[in-house]
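K.L.:
Got a structure for you, questions after.
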Amino acid sequence: MAALEEEFTLSTVPLGAGPNGLLGVEQSDKTDQFLVTHGGRTVILYKVSDQKPLGSWSVKQGQIITCPAVCNFQTGEFIVVHDNKVLRIWNTEDVNLDKVFKATLSAEIYRIHSIQGTEPLVLFKEGAVRGLEALLAEPQQKIETVLSDDEVIKWTKVFMVFRHPVLIFITEKHGNHFAYIQTFSSRTLSKYTLFHGQEEKSVIQNFTASVDRKFISLMSLSSDGCVYETLIPIHPRDPDENQRVVRSLLLKTVVAGDARSGVALTVLDQDHVAVLGPPLPASKECLSIWNTKFQTLQTSRELPQGTSGQLWYFGENLFMLHGKFLTVIPYKCEVSSLAGALGKLKHSQDPGAHTVPHFVNWETSRGYGFGSQNSEQSKRILRRRKIEVNVPPPAFEQLLSTIKKDSEKDIEVELCKFLAVKRTPDFHTIVGDIVLELLGRHTTEPSFYPRNSLMQLIQTHVLSYSLCPGLMEAALEKTDVQMLQLCLQQFPDIPESITCACLKIFLSISDDSLQETEINMESVSDCSDPVQEKMDEQTEILQNGFNADEQNCDSCDRKLNQKPQDAAEETTSCPVVPKRAALLNAILHSAYSEMFLLPHLKDIPAQHVTLFLQYLYFLYLKCSENATMTLPGLHPPTLNQIMDWICLLLDANFTVVVMIPEAKRLLLSLYKFVKSQICICSELNKIEVSFRELQKLNQEKNNRELYSIEVLELF
């Protein structure tokens with residue numbers, strides 16, 4: 001699920017597109033600060049949270065800034081290029097750019113890239129790339145020509161892969177496009193020719209890209225309004241050879257096919273892209289977020305003042321020109337799931353944005369109208385594509401043959417060979433077939449359990465429960481808690497019955513067995529320190545604004561009032577060992593539907609329910625130790641997840657748990673916690689009237705003069 005939040009204007013200075021408009025927005029060394037480069041003479045540093053500029057620098061009259069300013073993350077300095085060849089380097093204390101460090105280079109610069117973890121990289125218009133330090137050491141060094149005549153750079157981006165920068169830039173020559181990949185770990189430059197698929201003769205208008213460990217996913221928005229994807233290997237087999245890659249259709253008709261300006265595309269995460277442009281020929285321009293995994297439109301917002309076709313994103317903020325002003329729109333993209341793609345998740349949404357679960361019909365869709373095309377031709381194309389996709393690579397055939405008869409070690413060797421081969425668009429289905437083949441042999445030969453191979457396949461991050469439905473059942477049968485934890489962390493579509501079966505095993509497995517098992521502990525903070533239950537403070541909250549009579553203070557409260565010091569000294573230790581805590585955290589992170597989960601929770605033994613409740617209550621107390629109400633760790637459970645699971649367990653098992661003596665103290669603590677929250681809400685309601693009066697006064701401020709002194713008395 002994705003949502004666009006309320007927008008705000010960052011720059012109140014009118015801007016425009018083109019060479020004299022807005023050149024770019026770049027991240028500063030501070031998370032909340034951004035460099036905005038005007039195409040004329042100015043660079044402004046903004047702080048987004050305060051919506052105000054922190055500094056402004058301009059080149060002198062007659063000079064023109066020719067590429068966006070960037071921040072050197074290693075030094076904290078800023079770098080800008082004017083007049084194509086002149087570098088200027090300064091910091092926030094400098095006032096006049098004419099007096100800062102200057103270096104004149106021997107060739108024209110196309111773009112400077114700067115990201116965390118490496119020095120800035122300078123891409124020249126002729127295709128050569130240099131590190132900033134090497135250029136500053138010898139500014140007039142000769143820069144080689146990489147591109148051919150009439151070949152110009154259209155787009156570029158840099159990534160960090162295995163702690164080394166990888167730069168990609170796209171060029172165009174006579175209507176043909178080429179991709180260059182510069183890897184700095186091996187110091188190789190690879191060239192690829194981008195071929196159009198057989199179904200398109202459109203003109204490419206925009207590029208964006210994402211990266212994994214082996215491939216760059218290059219996405220392009222074409223003049224037909226569709227988004228296409230090209231997988232480009234980072235490390236080719238023959239870097240010196242000009243290789244060919246073919247574009248494949250990713251999203252159909254995300255903008256109007258006749259749109260020639262005001263369109264842009266940028267990738268937000270592995271499953272979402274943001275698109276700028278009019279959805280229909282006669283409609284106004286919109287900002288929309290699409291789910292590429294399920295091919296659905298998640299949310300969109302109309303931009304009535306128009307846009308320049310420029311779009312940037314950093315963190316959870318989208319930057320664009322709305323009219324002539326730089327606008328910021330915060331956005332949220334949750335982990336991709338089918339429920340989210342269909343708009344079925346509970347989500348608080350900005351009333352200005354509307355969620356549209358728009359589906360793509362691969363055979364007959366045309367734009368947003370879903371008009372019918374030549375169905376026979378579409379079916380022929382679809383069948384032809386299926387034939388092309390389903391041709392298995394030789395390594396896959398060899399692996400399947402090995403699985404049927406060879407040993408586990410032989411299978412592991414062939415699996416490594418298969419995973420080293422270039423990934424195809426149907427890689428996830430091939431991996432699913434391999435898992436099913438392994439599970440099929442396990443069914444016929446119960447002693448055959450290729451655990452290492454299965455773990456390696458899960459770690460490809462392309463599997464889901466629906467692709468290999470018997471995998472988690474086999475792990476449950478073998479009590480393989482490590483594999484179950486990995487599946488819970490990666491599979492988005494696990495049935496509630498399987499989630500509950502995993503929970504039963506995680507609660508029942510012995511501590512000795514866990515000590516011998518390797519478990520991912522990223523989600524677990526320090527469980528050795530006990531937490532203190534501040535019962536006396538809870539009592540004060542309960543009494544705030546209430547009379548201590550029978551109506552508001554029951555016998556349990558009176559007991560606490562009689563012995564507040566004893567209650568304050570009580571501490572709670574983590575009821576489970578750290579490895580069991582890591583497994584339970586995987587359950588807390590898993591997706592579920594309450595209606596389908598509750599019946600299965602009723603089958604858990606009462607002592608295990610009590611243990612899980614004790615652990616959840618311990619996590620809640622841990623959250624209460626800091627003002628942010630969060631747990632330490634890399635991927636800890638959130639407070640909402642903790643409270644949701646407490647409610648689920650009590651809804652399913654309260655009549656059983658209430659009869660267990662060991663659970664009496666726990667239930668009493670939970671009762672007092674809930675009662676304290678009710679009393680806090682009651683106190684907030686009492687002062688709501690005062691806030692309403694203040695709001696009325698604020699609404700009347702337009703009737704006052706420009707300057708006034710007001711005294712407000714609250715009783």
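K.L.:
Suppose we filter the range 486-523 for residues that are surrounded by 15 or more Cβ atoms within 10 Å (Cβ to Cβ) and among the acidic types (Asp, Glu); how many remain?
P.N.:
Here the count works out to 1.
K.L.:
Oh, and also: Read through the list (1) surrounded by 16 or more Cβ atoms within 10 Å (Cβ to Cβ); (2) at pLDDT 85 or above; (3) part of a helix (DSSP H, G or I), then give the number of the only condition that residue 542 fails.
P.N.:
For residue 542, the exception is condition (2).
K.L.:
Scan 443, 479 and give me the residue that is over 31 Å from the mean Cα position of the chain (by Cα), surrounded by fewer than 16 Cβ atoms within 10 Å (Cβ to Cβ) and in a helix (DSSP H, G or I).
P.N.:
Unique residue meeting the criteria: 443.
K.L.:
For the range 1-25, how many residues are open to solvent by 30 Å² or more (accessible area, probe 1.4 Å) and modelled with pLDDT of 75 or more?
P.N.:
The total comes to 6.
K.L.:
When residue 469 is evaluated against the numbered criteria (1) part of a helix (DSSP H, G or I); (2) free of Cβ contacts under 8 Å to residues at least 12 places away in the same chain; (3) open to solvent by less than 70 Å² (accessible area, probe 1.4 Å), which criterion, by number, is the only one it fails?
P.N.:
So residue 469 meets the others, but not (1).
K.L.:
Just to verify a result, which residue in the range 213-242, among those that are in a loop (DSSP other than H, G, I, E, B) and in contact (Cβ under 8 Å) with a residue 40 or more places away in the chain, is most open to solvent (accessible area, probe 1.4 Å)?
P.N.:
Looking at residues that are in a loop (DSSP other than H, G, I, E, B) and in contact (Cβ under 8 Å) with a residue 40 or more places away in the chain, I get 213.
K.L.:
Let me ask you something else. I'm trying to understand the selection: among the residues of the range 611-663, which are farther than 26 Å from residue 511 by Cα, β-branched (Val, Ile, Thr) and not in a helix (DSSP H, G or I)?
P.N.:
Passing the criteria: 628, 630, 658.
K.L.:
Given the criterion loosely packed, with under 13 Cβ neighbours inside 10 Å and either among the polar types (S, T, N, Q) or in contact (Cβ under 8 Å) with a residue 40 or more places away in the chain (or both), identify the matching residue among 63, 140, 74. Walk me through it before giving the result.
P.N.:
Details: 63 fails: loosely packed, with under 13 Cβ neighbours inside 10 Å; 74 fails: loosely packed, with under 13 Cβ neighbours inside 10 Å.
Matching residue, one of 63, 140, 74: 140.
K.L.:
How about the range 651-702: which of its residues are under 22 Å from residue 604 (Cβ atoms) and open to solvent by less than 40 Å² (accessible area, probe 1.4 Å)?
P.N.:
Scanning the range 651-702 gives 652, 653, 657, 660, 663, 666, 667, 669, 670.
K.L.:
Can we say residue 391 is outside any helix (DSSP H, G or I), open to solvent by 20 Å² or more (accessible area, probe 1.4 Å), aliphatic (A, V, I, L, M) and at pLDDT below 80? Don't jump to the end; show me each part of the working.
P.N.:
On the way: outside any helix (DSSP H, G or I): yes; open to solvent by 20 Å² or more (accessible area, probe 1.4 Å): yes; aliphatic (A, V, I, L, M): yes; at pLDDT below 80: yes.
It is true that residue 391 is outside any helix (DSSP H, G or I), open to solvent by 20 Å² or more (accessible area, probe 1.4 Å), aliphatic (A, V, I, L, M) and at pLDDT below 80.
K.L.:
Name every residue in the range 401-426 that is surrounded by 16 or more Cβ atoms within 10 Å (Cβ to Cβ) and at pLDDT below 85, in order of residue number.
P.N.:
Those that are surrounded by 16 or more Cβ atoms within 10 Å (Cβ to Cβ) and at pLDDT below 85: 423, 424, 426.
K.L.:
Can you report the number of residues in the range 266-289 which are under 16 Å from residue 224 (Cβ atoms) and open to solvent by less than 10 Å² (accessible area, probe 1.4 Å)? Before you say what the answer is, go through the steps one by one.
P.N.:
Initially, the range 266-289 is screened for residues under 16 Å from residue 224 (Cβ atoms), giving 275, 277-281.
Now restrict to residues that are open to solvent by less than 10 Å² (accessible area, probe 1.4 Å): 275, 277.
Number of matching residues: 2.
K.L.:
Please specify each residue of the range 448-466 satisfying the condition of being assigned to a helix (DSSP H, G or I), within 24 Å of the chain's Cα centre (by Cα) and farther than 17 Å from residue 519 by Cβ.
P.N.:
The answer is 456, 457.
K.L.:
Exactly one of these conditions fails for residue 158: (1) touching a strand residue (DSSP E or B) at 6+ places or on another chain (Cβ under 7 Å); (2) open to solvent by 40 Å² or more (accessible area, probe 1.4 Å). Give me its number.
P.N.:
(2)
The values are calculated or read from the model by the stated rules, or taken from the named source; none is laboratory data. The model shown is predicted, which means the values in this text are computed figures rather than measured ones. Note that we place each Cβ from the backbone using ideal geometry, even for glycine, and neighbour counts take in every protein chain shown. Just so you know, the surface numbers come from the protein's heavy atoms only, side chains and all, with ligands and any DNA or RNA stripped out. Shrake-Rupley method; radii C 1.70, N 1.55, O 1.52, S 1.80 Å.
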